[in-house]
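Trainee: Can you keep this structure in mind? I'll have questions shortly.
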Amino acid sequence: MKKFLMEYINIIGFVATGFVFGIAFFLILFNFYHAKEVSSTFVKGENYVNAYDESKPILERIKNNIAVFDPNNYRGNNSQTDLISIKAKIEMCVNSFENTKANKIFTKDEVSVLDVYNLLSYYQTNIVNDCVTVQLYSLRNYNGKLNSTSLEIVKPYIESNAELLSNDLDYVKRNLQNNSSFAFSSEYDKINVFNLARESYTRIETSYKNSIKLLFNVSEWFRKYVGGEIQ
C-alpha cells in the first residue's frame, strides 16, 4: 500500500511538472510571437520631414522671443519676478521638447509598433505632463502682479488647447490599448493592428506639432508684452 501511494504521488508530481513546463513553453512561445509582431516596422515616405526636425526652427524662434527679457537690463514697469517665472516656464518647455526621447523615434526612417507605444509614453511624460500641464496650464490660474489684459485673453486659449491635446492623448491611448493583445490572431487582425499603430503615430506627431504651436504662441505673447507692444 505504501509503495502504491509513493508511485501515485510520483505520477502526480510528474504530471504537475509537465504542466508547469507546458505553461512555461507556451509563455515563451507567446512572448516570442508578440515580440516579433511589435518589432514589425513601416517605412516613412521618401519626402517625409520628421516632426523633430520640423520643430527645430520654431524652438529657436521661441528662444529668441523669451531672450528679449533680460532681468538685468529690463526697465519696464511690470513685475520682474513674475516675468522671470513665466520665462522659466517657457524655457522648461523648450528643454522638454529638445530632450525628450520621442525625438529619437521621430528621426527614425522605419517605425515599429513598439516604437509607437514608447513614443506615446515619452510624449505623455515629457510634453503633455511636464510642459503643457505643469508649465503652460498653470498660467491659466495666474494671479500675480502683472496687470495684463492680453494675458487674460491668452488664458482661455491655453486652456482650450491644453484640453484638446489631452483629448488627443486619451484617444491614442485607447487606440493602442484596444489593440495591445493580438497574439495568434488572424492575418487580417494583425494588419488592422498595424494600421492602427500607424494612425496612432501620425496622431501623436500632429499633437506634438500642435504642442509646439501652443508654446510658440505663448512665447509670442511674452515677447510682445515685454516689448510694450501689448498690455
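The values are calculated or read from the model by the stated rules, or taken from the named source; none is laboratory data. Computed from a prediction, not measured in an experiment: that's the story for all the values here. Note that each Cβ is placed from the backbone with ideal geometry, even for glycine, and that neighbours are counted across all protein chains shown. Side chains are part of the model used for accessible areas, which takes the heavy atoms of the whole protein and leaves out ligands, DNA and RNA. Shrake-Rupley method; radii C 1.70, N 1.55, O 1.52, S 1.80 Å.
Trainee: Probe radius 1.4 Å, ligands and nucleic acids left out: which of V172, V49, V154 has the largest accessible area, and how do the rest follow?
Mentor: V49, V154, V172
Trainee: Could you state how much accessible area K209 has, in square angstrom rounded to the nearest 10, with a 1.4 Å probe and all protein chains kept in place?
Mentor: Around 70 Å² of this residue is reachable by solvent.
Trainee: Give me the net charge of V154's neighbourhood, meaning all other residues with Cβ under 12 Å from the Cβ of V154; Lys, Arg count +1, Asp, Glu -1.
Mentor: 0
Trainee: Next question. Between R61 and S121, with labels modelled 7 Å along Cα→Cβ, what's the label distance in nm to one decimal, could you check?
Mentor: According to this spin-label approximation, the distance is 3.4 nm.
Trainee: Write out the GluC sites (Glu not before Pro) in region 41-147 meeting two conditions: DSSP loop, and at most 14 other Cβ atoms within 10 Å of their Cβ.
Mentor: Sparse-neighbourhood loop GluC sites (Glu not before Pro): E46.
Trainee: Then there's this: Accessible area, 1.4 Å probe, largest first: how do D70, D109, D168 sort?
Mentor: Descending order: D109, D70, D168.
Trainee: When a/c is below 1.5 the answer is rounded, else prolate if a/b is larger than b/c, else oblate, so apply that to region 191-231 with a ≥ b ≥ c taken from the square roots of the Cα gyration tensor eigenvalues.
Mentor: Note, shape of region 191-231 comes out prolate.
Trainee: Simple spin-label model, 7 Å along Cα-to-Cβ: E152 to E54 in nm?
Mentor: Output for this residue pair reads 3.7 nm.
Trainee: Here is a further query. So, taking all protein chains as they sit and a 1.4 Å probe, how much accessible area belongs to K87, in Å² rounded to tens?
Mentor: Rounded to the nearest 10, that gives 40 Å².
Trainee: Given a cut-off of under 8 Å on Cα pairs at least six residues apart, what relative contact order in percent is computed for region 43-172?
Mentor: Reported as a whole number, the value is 29 percent.
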